[in-house]
Amino acid sequence: MMPKDDSLIGLKFMRLGILALAVGMFFGVIGGFQFLFPEFLRELLFTKTRPLHVSLVVAWIFLISIGGIYLYLPRQQNLKLWSPRAANVHFWVFVVTGLAILASYLAGKFGGREYFEYPAVLSIPIFLTWILFGVNYFKTVSKSKGPWPVYYWMWATGIVFFFITFCEAYLWLIPYFRESMIREIIVQWKSYGALTGSWNMLVYGTAIYVASRIAGSEETATSKLAYSLFFLGLFNLIFGWAHHTYLVPSQTWIRTFAYMVSMTELLILGKILWDWRASLQTYQKHQYCNAYRFLFAADIWIFINLILALLISVPALNLITHGTHITVAHAMGSTIGINTMILLASIFYVIREELPQHVHAGRTKQVQIGYWTANISLAVFFSALVLAGLGKGLYTGGSFQDMMLQIRPFLLVFAVSGIGLMLGFWVVLWHAFRLTGEILSPATPDPYPEPA
Amino acid sequence: MRQSWGSVIKNRAIFSTLFVSYVFYAGYVYTAGTEAPHIAPISDEARHGQDLFQEHNCIACHQFYGLGGYMGPDLTNVTSRYSPAYARAFIMTGTPRMPNFNLPVDDVDALVTYLEFVDSTGTYPPQNYEVTWYGTVEQEDDPQ
């Protein structure tokens, strides 16, 4: 076992992630109101609030996933990190780069593409530390005895494919790709599609890890079904990205192939329906466990989002939904309803394991209120976006302003429910931040003491 | 239940196959899959306009081919649907929704040239398309 400080580096990533989400949601709410009232906070243009929001919430996803890996391996899997120092370097480079990116946005210094709007040079430290993270991960898990459970595979896949797709997102810097706008735009969205697939691998790996630990059985992580679903997910990561570019002029087979690949996700939908009754029984059994509560919420959001994802993956329906708020609903439903719920489950699972003397501390009345406020607000938020998207997609007039006026009531509901969502999560995050701080405190006894 | 080494080898083989398929598929998309010989190459001025478009993060509010932010309208065909002068007027004066960035005339020219170039690459939303019985779409602008 490592010294407590070394093995808790993952917790520092998690606490940074909590701050990133709390601040990121704040910018999201400001952006939501700027949508309705463009004069609102004119000093902080929407061109700044949007990337600030997106970068911070994406950072949340990565920080909690990475933090979980750095923490679970040494603390619970008995796999001492190959280099705790490398993990520390990773953390501090991430902090400094993150602050530089935020400063560049606030100063209005852009230069990158959508979602990576910061000057391209700032991607270099991210790229280098990702290599460091990858080496640390593979060197650490290579000490594992026996075959890998599926979550090791998923984390490894997420690490490898993020590296590849992050590089791919910068191919526009090479003149060959910039020569053709069609090639440039399709390759850009190919990379984004697979990049979200890669972070989903990190997040879903975390979900399976936490679920199997709560259940006290490795069955969910080593069964044939677990591997089949993993490979299906990988197949979709590789080939299912083109629903983003259905309406860009391209070879017809690219969209048809992606359409067929996306439809294989019907198998996952069927599996969820098949397991529904059992999931409900397991939920009743673990309903007092905060981590399981968030995993169950993620289960419901997976079901809702998968239906929406399948619908917008049909090119004929994508003609209506593309370029509308339905795409935003899809993105928000996935990143908040699925990823965030899973990552909160991961944090509360860590709290339960690290603070056994406070098993119920994470389940205060306030956390429950935050949980329900966030989920109910998300349902309203998601529905408002779908309705706004339908309004835009079915609008037949030629005026952008007129269309925006017609969908304004939905956008108002979206903005107001965004406040509820933020407040609900803030309550949960405050407790998570407070309790994870307690774990780091030298006064807190270590539940995994170093053997004498 | 622990897996057998046979299933470990099978898993590695499936992963490797998928990874190799990814490499070949990416290579094909980068080359023949995205060839669009019917589109004229981008000019230097349009390239400058593209750089400005990125430096001011215009994509936060606008879209090309429906990809981007939704604060403002899609700009794919703004110069042919309205006119280059219409686009120029918006860039130079701003609107209640869009700030006036006070750009020098040369930069405004470059941006308008870039918008004209984007317009030449296709139509969005597609006007002439066919939906097949199984739900896929063939567009008039698709490279043949």
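The values are calculated or read from the model by the stated rules, or taken from the named source; none is laboratory data. Everything numeric here is computed off the predicted structure, so don't read it as measured data. Cβ atoms come from the backbone with ideal geometry, glycine included; neighbour counts cover every protein chain shown.
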Which numbered condition trips up B:Val137, out of (1) in contact with a strand residue (DSSP E or B) (Cβ under 7 Å, 6 or more places away or on another chain); (2) touching a residue at least 60 places away in the same chain (Cβ under 8 Å); (3) among the aliphatic types (A, V, I, L, M)? (2)
Might you let me know whether the stretch B:61-70 holds any residue that is surrounded by fewer than 17 Cβ atoms within 10 Å (Cβ to Cβ), free of Cβ contacts under 8 Å to residues at least 24 places away in the same chain and facing chain A (nearest Cβ under 8 Å)? no
Do we find a residue being under 20 Å from B:Gly69 (Cβ atoms), within 24 Å of the chain's Cα centre (by Cα) and surrounded by 17 or more Cβ atoms within 10 Å (Cβ to Cβ) anywhere in the stretch A:389-406? yes
Single unsatisfied condition, A:Pro315 versus (1) within 14 Å of another protein chain (Cβ to nearest Cβ); (2) more than 27 Å from B:Ala60 (Cα to Cα); (3) not acidic (Asp, Glu): (2)
Got a sec? Which of B:Ile42, B:Ile14 is within 8 Å of another protein chain (Cβ to nearest Cβ) and not in a helix (DSSP H, G or I)? B:Ile42
Applying the selection to the stretch A:137-161, what residues are touching a residue at least 60 places away in the same chain (Cβ under 8 Å) and assigned to a helix (DSSP H, G or I)? A:Tyr137, A:Thr140, A:Val141, A:Val150, A:Tyr151, A:Trp153, A:Met154, A:Trp155, A:Thr157, A:Gly158, A:Phe161
Just one of (1) of a type outside the set (Val, Ile, Thr); (2) within 25 Å of A:Tyr72 (Cβ to Cβ); (3) touching a residue at least 60 places away in the same chain (Cβ under 8 Å); (4) not in a helix (DSSP H, G or I) trips up A:Ser217, so point out which. (3)
Do you know which of the residues in the stretch A:108-123 that are at the interface with another protein chain (Cβ under 9 Å from one of its Cβ atoms) and more than 22 Å from the chain's Cα centre (by Cα) is surrounded by the most Cβ atoms within 10 Å (Cβ to Cβ)? A:Phe110
Residue among A:Leu106, A:Leu132 that alone is touching a residue at least 40 places away in the same chain (Cβ under 8 Å) and either in contact with a strand residue (DSSP E or B) (Cβ under 8 Å, 6 or more places away or on another chain) or under 17 Å from A:Gly68 (Cα atoms) (or both): A:Leu132
If a residue has to be part of a loop (DSSP other than H, G, I, E, B) and under 26 Å from A:Ala194 (Cα atoms) to count, how many in the stretch A:310-360 make the cut? 5
Of all residues in the stretch A:162-214 being part of a loop (DSSP other than H, G, I, E, B) and either without any contact (Cβ under 8 Å) to a residue 24 or more places away in the chain or among the aliphatic types (A, V, I, L, M) (or both), the one that is surrounded by the most Cβ atoms within 10 Å (Cβ to Cβ): A:Ala169
Look through the stretch A:229-243, keep the residues that are within 11 Å of another protein chain (Cβ to nearest Cβ) and either at pLDDT below 90 or not in a helix (DSSP H, G or I) (or both), and return whichever of them is farthest from the chain's Cα centre (by Cα). A:Ala242
Going residue by residue through the stretch A:45-63, is there one that turns out to be touching a Ser or Thr at 6+ places or on another chain (Cβ under 6 Å) and either surrounded by fewer than 23 Cβ atoms within 10 Å (Cβ to Cβ) or over 22 Å from A:Leu435 (Cβ atoms) (or both)? no
Take the conditions among the polar types (S, T, N, Q), more than 21 Å from A:Val150 (Cβ to Cβ), facing chain B (nearest Cβ under 8 Å) and assigned to a helix (DSSP H, G or I) and apply them to A:Thr256. Does it pass? yes
Residues within the stretch B:95-131 that are free of Cβ contacts under 8 Å to residues at least 24 places away in the same chain, under 30 Å from A:Leu317 (Cβ atoms) and more than 8 Å from chain A (Cβ to nearest Cβ), tallied: 3
Can you tell me which residues in the stretch A:194-242 are of a type in the set (Lys, Arg) and closer than 27 Å to A:Trp60 by Cβ? A:Arg213
Could you identify the single residue in A:Phe133, A:Phe138 that is surrounded by fewer than 16 Cβ atoms within 10 Å (Cβ to Cβ) and closer than 17 Å to A:Leu202 by Cα? A:Phe138
Would a scan of the stretch B:14-23 turn up a residue that is within 22 Å of A:Trp153 (Cβ to Cβ) and touching a Phe, Trp or Tyr at 6+ places or on another chain (Cβ under 6 Å)? yes
Just name the residue that is surrounded by the fewest Cβ atoms within 10 Å (Cβ to Cβ) out of those in the stretch B:17-37 that are facing chain A (nearest Cβ under 8 Å) and touching a residue at least 24 places away in the same chain (Cβ under 8 Å). B:Glu35
Looking at (1) surrounded by fewer than 21 Cβ atoms within 10 Å (Cβ to Cβ); (2) within 14 Å of another protein chain (Cβ to nearest Cβ); (3) closer than 25 Å to A:Met404 by Cβ, which one does A:Thr321 not meet, given that it meets all the others? (1)
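Yes/no matrix, rows are residues, columns are (1) more than 14 Å from every other protein chain (Cβ to nearest Cβ); (2) closer than 18 Å to A:Met332 by Cα; (3) β-branched (Val, Ile, Thr):
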{"position": "A:Phe26", "(1), (2), (3)": "yes, yes, no"}
{"position": "A:Leu44", "(1), (2), (3)": "no, no, no"}
{"position": "A:Arg50", "(1), (2), (3)": "no, yes, no"}
{"position": "A:Val57", "(1), (2), (3)": "yes, yes, yes"}
{"position": "A:Ile64", "(1), (2), (3)": "yes, yes, yes"}
{"position": "A:Tyr70", "(1), (2), (3)": "yes, no, no"}
